[in-house]
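Just below is one structure, and these are the notes that go with it.
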Amino acid sequence: MVAPSDPADSPSLQQRAWSRYWASGALTSLPEDFQANYDGEIREFWRARCAPLADGAAVLDVCTGNGAVALLLAEALSDLGVGARIVALDRAEIRPELIRQRFPALARHVDSIRFVGGRPFEEAAFEDASQDLVTSQYGIEYCKPDAAAGQCARVLKPGGRLALLTHATDSAMRATMEQELEQYEVLADCGLFQRARDWRAGALDGDRFVRALGEIDAAVRRTSGAAASPLFAYVLGLTGQVGRWTTSQLQAQRKAVIDAVEQLEDGRSRLDQMLGVHRLLASPEQFAGHFEQAGLVLDEHGPLTYRGTHAVGHRFLFSKPGNDVSRG
Ligand SMILES: C[S@@+](CC[C@H](N)C(=O)[O-])C[C@H]1O[C@@H](n2cnc3c(N)ncnc32)[C@H](O)[C@@H]1O
């Protein structure tokens, strides 16, 4: 009987998965689609949010990652000649200094932003009514919805705005993700993640770890659809290779093997989060309801189309009743 490994939705695993991702120096969460920062209609959407702001405005970008949206806002405000204070916050450990190195042209904007890593938005202690604009892209939907909506309503000044660009959802993609998550759950149930953790902690010696991998290999092969799964093919490649190593080879490759298993576990956690988000966003009206419930007014929402064709997300614009903001 294998002890259950951490569920994919444990906050520490989620945080580790994203911290590892941002430590790679990525600027966006869609690096295959964007070589540098988000561009086109996404960039325009964020630039337009800056137009009403005046000198001294306070802007908060939540779930910022390595700061992609905060940087678009900093650039737009600088072009407008508006001096604002921008804070960019994320629960994961973030690495804006890597963005500074990779994109020297962005260095002055990186330096103009106050980055706060390792802090869940739900628990961030910003002052009440302190922000003119709160933004989040592909981000706030990962937070606890009511707690995050309550924070937005609390920290916005009366008349302040909340602008969100959430993931676009698509039921075909959701079905594929559900299938892939089931395969990750097979790996968790076989004990892959727990065994690697035990080996790393010294609770399991190398020989027993290799034996455990042999059992995992057999269990994966018995799973229906194993032959067609790229995920299982990868795992079987790993278990097969480790199974052929001598004890000293295994010892020499210890870190690489543990890293490979942890990356699989991070993949499971990211996929689990994405699925949670797809379920939450299935009805934009219900999602917006969390923010309305918190006291914000939904001014508009609708899909955001990229290059005129491709739905890259759903935009929501909210305002807080009242009129006490920094406006030009
Ligand atoms: C898909 S990335 C989006 C990053 C960036 N906004 C972008 O558009 O590329 C989601 C981010 O949300 C962060 N996140 C998830 N839950 C969070 C929470 N409760 N508080 C703050 N950040 C959170 C993750 O650490 C991750 O960096």
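The values are calculated or read from the model by the stated rules, or taken from the named source; none is laboratory data. Not measured: the values here are computed from a predicted model. Quick reminder, even Gly has a Cβ in these numbers, built from the backbone with ideal geometry, and neighbours come from all protein chains shown.
Quick notes on this one:
- Criterion: surrounded by 15 or more Cβ atoms within 10 Å (Cβ to Cβ) and farther than 30 Å from Gly240 by Cα - qualifying residue of Gly206, Gly150, Gly191: Gly150
- Restricting attention to segment 51-94 and to residues that are of a type in the set (A, V, I, L, M), away from the ligand (no atom under 16 Å from the Cβ) and part of a strand (DSSP E or B), the residue that is surrounded by the most Cβ atoms within 10 Å (Cβ to Cβ) turns out to be Leu53.
- Within segment 129-178, the set of residues being in a strand (DSSP E or B) and small (Gly, Ala, Ser) comprises Ser136, Gly159, Gly160, Ala163.
- Looking across segment 77-104, the residues that are closer than 22 Å to Gln35 by Cβ, in contact with a Phe, Trp or Tyr (Cβ under 7 Å, 6 or more places away or on another chain) and without any contact (Cβ under 8 Å) to a residue 40 or more places away in the chain come down to Ala88, Pro96.
- Segment 221-328 holds helices (runs of 4 or more DSSP H) entirely within its bounds, and those carrying 1 or more residues that are polar (S, T, N, Q), free of Cβ contacts under 8 Å to residues at least 60 places away in the same chain and over 27 Å from Ala153 (Cβ atoms) map to 230-244, 247-252.
- Set Asp33, Asp79: member being on the phi < 0 side of the Ramachandran plot, modelled with pLDDT of 95 or more and among the acidic types (Asp, Glu): Asp79
- Within segment 105-156, the set of residues being acidic (Asp, Glu), closer than 23 Å to Pro52 by Cα and touching a residue at least 60 places away in the same chain (Cβ under 8 Å) comprises just one member, Asp132.
- The residues of segment 3-29 that are within 9 Å of the ligand (Cβ to nearest atom) and either surrounded by 13 or more Cβ atoms within 10 Å (Cβ to Cβ) or assigned by TED's automatic domain parsing to the domain that holds Gln194 (or both), listed by number, are Gln14, Gln15, Ala17, Trp18, Ser19, Tyr21, Trp22, Ala26, Leu27, Thr28, Ser29.
- Residue within segment 98-108 that is within 13 Å of the ligand (Cβ to nearest atom) and surrounded by 15 or more Cβ atoms within 10 Å (Cβ to Cβ) present: yes
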